[in-house]
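Input: a single structure, listed below in structure tokens.
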Amino acid sequence: MSTPMPYAALSPLAEFFRTLPIPVVILDLETTGGHFYADRITELAFLHFWQGKITAVQQLVQPNMPISGFVRDLTGISDEMLQGQPTFAQFAPQVLPLLRGSLLIAHNSRFDYTFLRHECRRNGFAFATAGLCSVQLSRKLYPEFFKHNLDSIIERHGLAVASRHRAMSDVLAVAEYLQLALREKGAPLLGQLMRQLANPPMLPANLPAGVFQAASALPDEHGVSVWRNAADDVVAVHTHVQAYREVAAMLRRGGGAVAQAARLEFVPTLGALHSAAVKGSVFYRNQLASTDGIVRHTIKAEQVSGCLKTRVRPLKAGFLTEPPHGLFANPKAAKRALAAWAKKFGLCPALLGILPDELPKGAPCPVSLLGKCSAACETGDLNAHNRAVAAALPFLPLTDWGRTPRVKVAERDELSGREAAWLCDSGAVWLPEPDNVWFCDKEVLAVMKGKFKAQKGGGEIQAA
């Protein structure tokens, strides 16, 4: 399967790739079709360039699904050819060490890179790496030409191809083309464009060894990165949608707490809410304080001189023994909601302490002047008032963007089939371990708000 080969004809390209700080892989896949989720890899081939050495890998892969007649005629790969071949799960552990931490070059790399990532994720392997599309590179090198598909490049440059649409033949065609471009356009321009077009970007070469290795092993999926300094203190925690891509960009920017990191840990997650919950757990276990400050405003019922009153208080990011009651963008929005609630349940706004600020202190209840306030307002019976308020408290307004009772929010990875659900209430997520606390910050609130707005009857949100 994997054979060290001299490939003497490609030695100029191998020498050029020595100037890059990481290995280079030229890769091609054949698949059962073009659907990123439904189809599977049937053949994988690549050339691995590192320190002047070229290693060739070529392998047919059992997809455990039939190949259509169209694909069979296009590639020449049949169901019979794949009988007895290893599955991707059996084959991947042997080649992923060669692919991780490399610059992966493919023609129309989005296709090959996405299929490779999806197969890895489906089978429980973490994978992502820097990528370069040789179609985009060709457009920059030869802008005078309109077509840059592989057939056009092969014809235009007179490249010899043994068997088009077989993985290794296409790999060799791309390698030969890159060597031709090296000769015609020169190493400085080719190197500049390769660094410029790499997407995801290449990791910086001057990282601490532990950080480089950990970043190279990241998937390009949801997760949480935990950055520790040489004393093993947590200096930064970040949630990610595409972990490798985002971490690579952070490392290239440098500066900040990430620049202090000597070690990087990563926790894979199923989605944005799972990431927010994991971040909260990391904060709690390491006694870290959120820098979010005031998230929103909440409503609290408080006894003042024996009278139950409702107060609008700032809700600060952090940990709570109970979920917050009410989430409002500002105090005015909370007071409007309180006034409507008091009116609905016939509660005295003066006794509640929610009269408009512009009314003079000690002014009589304006609702009582209209003869429409509660009996407790007329008699001053605080016990009756407190009983009425206590009965209405379960119906206090919760948010200014839609009522959010206690719910379970599920997230699922479509490729691996893994799923989990989290208990949420009023913009906070429950962290059962280690101490049954509720966590709220701006990220949790944004995730919850987005999920409720996107919800269209049922789905991932269910009543708890």
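The values are calculated or read from the model by the stated rules, or taken from the named source; none is laboratory data. Only a predicted model underlies this, so the values are computations on that prediction, with no experimental measurement involved. As a convention, Cβ positions derive from the backbone with ideal geometry for all residues, glycine included, and neighbour counts pool all protein chains shown. Areas reflect the complete protein model, heavy atoms only, side chains present, ligands, DNA and RNA absent. Shrake-Rupley method; radii C 1.70, N 1.55, O 1.52, S 1.80 Å.
The table below lists the values:
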read-out	value
10 Å Cβ shell holding at most 16 others, DSSP loop, trypsin sites (Lys or Arg not before Pro): longest site-free stretch of the chain	165-360
Evaluated at q = 0.11, 0.12, 0.13, 0.18 Å⁻¹: base-10 log I(q)/I(0), Debye formula over Cα of the range 84-189	-0.41, -0.49, -0.56, -0.96
Spin-label model distance (nm) - Asp357 vs Glu80, 7 Å beyond Cα toward Cβ	8.4 nm
Calculated from backbone phi, Karplus (6.51, -1.76, 1.60) coupling profile of the range 271-277 in Hz, x at Gly/Pro	x, 5, 5, 4, 4, 5, 5
Gap separating the Cα centres of the range 145-199 and the range 34-70, nearest whole Å	19 Å
Dmax and Rg, reported as Rg then Dmax, of the range 123-236 (C-alpha, Å)	18.9, 58
The range 333-349 and the range 409-431: distance between their alpha carbon centers, rounded to Å	34 Å
Mean projected area in nm² (Cα convex hull; one quarter of hull surface) for the range 245-341	9.7 nm²
Alpha-carbon radius of gyration plus Dmax, which is the widest Cα pair, for the range 241-292 in Å	12.2, 29
Cα centroid separation - the range 359-388 against the range 73-124, whole Å	74 Å
Mean shadow area of the chain over all directions, Cα convex hull, nm²	29.9 nm²
Percent of C-alpha pairs per 10 Å bin, the range 8-197, short to long	9, 37, 36, 16, 2
Rule-of-thumb Rg ratio for the range 294-395 [Cα; 2.2 N^0.38 Å; N residues]	1.10
Amide H partners (placed H, <5 Å) of Leu104, local residues excluded	Val25, Ala130, Gly131, Leu132
The range 15-116: projected area of the alpha-carbon convex hull, averaged over directions, in nm²	6.8 nm²
Accessible-area ranking of Glu15, Glu43, largest first, probe 1.4 Å	Glu15, Glu43
Computed over the chain: relative contact order in percent, which uses C-alpha pairs under 8 Å that are six or more apart	11 percent
Accessible area of the chain belonging to carbon and sulfur atoms, whole % at 1.4 Å probe	53 percent
Accessible area in the full protein assembly, largest first, 1.4 Å probe, for Met168, Met65	Met65, Met168
Spacing of the two label points (7 Å from each Cα toward its C-beta) at Arg252 and Gln196, in nm	1.3 nm
Gain in span if fully extended, Thr87 to Ala420, counting 0.36 nm per residue against the direct Cα distance	117.1 nm
Computed [θ] at 222 nm, deg cm²/dmol, the chain (DSSP H ≥ 4; -39,500 (n - 2.57); rounded to nearest 500)	-11000 deg cm²/dmol
Rounded to 5, the percent of DSSP beta bridges in the chain classed as antiparallel	85 percent
Extension gain from Ala230 to Ala390, taking 0.36 nm per residue of separation minus the Cα-Cα distance	52.3 nm
List Asp79, Asp435, ordered by accessible area with a 1.4 Å probe, largest first	Asp435, Asp79
Using a Förster distance of 60 Å, the FRET efficiency for Glu144-Ala259 (Cβ separation, nearest 0.05)	0.90
Rule-of-thumb Rg ratio for the range 209-268 [Cα; 2.2 N^0.38 Å; N residues]	0.98
Whole-number accessible area per residue in Å² for the range 195-310, which is evaluated in the context of all protein chains at 1.4 Å	44 Å²
